[in-house]
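Here, each number is a calculation from the coordinates, and none is a lab measurement. Keep in mind the model is a prediction, meaning the values are calculated, not measured. We place every Cβ from the backbone using ideal geometry, glycine too, and count neighbours over all the protein chains shown.
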Amino acid sequence: MSGFELKIGESLATLRGLLGETAQQHSIHRQRVPYYSPSASGRGFSAHGVALADMFEGLHRGVEKRIDAFTQTTQAAEEEVKRFDNTDKVFGAGFDGIDPK
């Protein structure tokens, strides 16, 4: 690809920052587990209260899964940048007179 330049250091720094922020958000998320008492729905509405409690817990688990997926995707991106850097250095070393960065 003509004109393509991947700035390895900047890319890795950005991805590491993203991983740090994601870890922080994950920690905050785990500390704020929803609780809804079915009895809070009022007399005669406990079935609705159970449904609400289940919904809140399901939403919380869904966010947890999304944070985990985002972390895994960011880690995979970091590995791809490292792989690209290594491949570029090996390829560049095959040319006489060119020092890899």
- Item | Top-ranked residue in the range 5-32 [being hydrophobic (A, V, I, L, M, F, W, C) and in a helix (DSSP H, G or I); ranked as farthest from ALA76 (Cα to Cα)] | ILE28
- For residues in the range 30-78 being touching a helix residue (DSSP H, G or I) at 6+ places or on another chain (Cβ under 9 Å) and among the aromatic types (Phe, Trp, Tyr), which is nearest to LEU18 (Cα to Cα)? PHE70
- Take the residues of the range 1-60 that are free of Cβ contacts under 8 Å to residues at least 12 places away in the same chain and aliphatic (A, V, I, L, M): which is surrounded by the most Cβ atoms within 10 Å (Cβ to Cβ)? ALA51
